[in-house]
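The values are calculated or read from the model by the stated rules, or taken from the named source; none is laboratory data. Small disclaimer: the values here were computed from a predicted structure and weren't measured. Remember, those area values only see protein heavy atoms, side chains included, never the ligands or the DNA or RNA. Shrake-Rupley method; radii C 1.70, N 1.55, O 1.52, S 1.80 Å.
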Amino acid sequence: MDERIDGPIRRVGLTALALAVSAVVCLGAEVGVGILLHVTQNVWLALLLYPLLYVLALGVLLTMVPSMEKPEGWGLLAMIVMPIGALAVTHLTYSGLDQQALHDRGREVRATVSDTYWVDEGPSAPLSAARFKDPSGRPVPGTIYGEKLRVGQAVTLTVDPKGKVPLFMGRRPTGSGRFLAAGITAAVESLFLGWAAFRGTAERLASRTTDERERERTQEHEDSPA
């Protein structure tokens, strides 16, 4: 086969292979971190691993597409979607596993809001928080954040008897919605990774083709009689 045809085909094949490996590594890391956070329920570990996932997603883009060093247009969009998608897949996996655990072993409790307060989030807006008591007046372990509740309001809570999974407001969840959202986010992330990779391949091929044509013209000029 002509080298001018065989070379680009080979490069596209290698790009497709690199893309598949990168997608597996990225998604595997994201799901793995989600499982780890579910098992450990450690907020400090989350604060450490989320930035690492963000850096991993950016690193994959920079490796697959050299032109991402100075992104413009589609490149900027990819650099926004990929890292955010990585964090979203991890969070949705983590929270989906929490909800699944509550569905399997959770206990529904009819409770009343006993106290509400605000948590200082630094530069972000304060976060609302609420504590609860059961019908007997005993405190329900845990706190619900981000919900607009008032003292005395009656709500249904799902409590983990083991005390590992955070308190959930509402009836026992299944986690299916979170897993579906994680799958959709992973698909979008993979599409953007593929888009970035093949755009990068096209750019490299166009650049090499231009260089080869320039060399051919130079060679023809040198070989032509004076």
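Only protein atoms count toward the accessible area here, which uses a 1.4 Å probe; on segment 83-179, the carbon and sulfur part of that area reaches 52 percent.
For the residues 38, 91, a 1.4 Å probe over the protein chains yields an accessible-area ranking, largest first, of 91, 38. Think of a 1.4 Å ball rolled over the protein heavy atoms: segment 118-166 then has 68 Å² of accessible area per residue.
Less than 5 angstrom separates the built amide H of residue 132 from those of 114, 140, all sequence-distant by 5 or more or on a different chain. Residue order by solvent-accessible surface for 94, 145, 117 is 145, 117, 94, largest first, with ligands and nucleic acids left out and a 1.4 Å probe.
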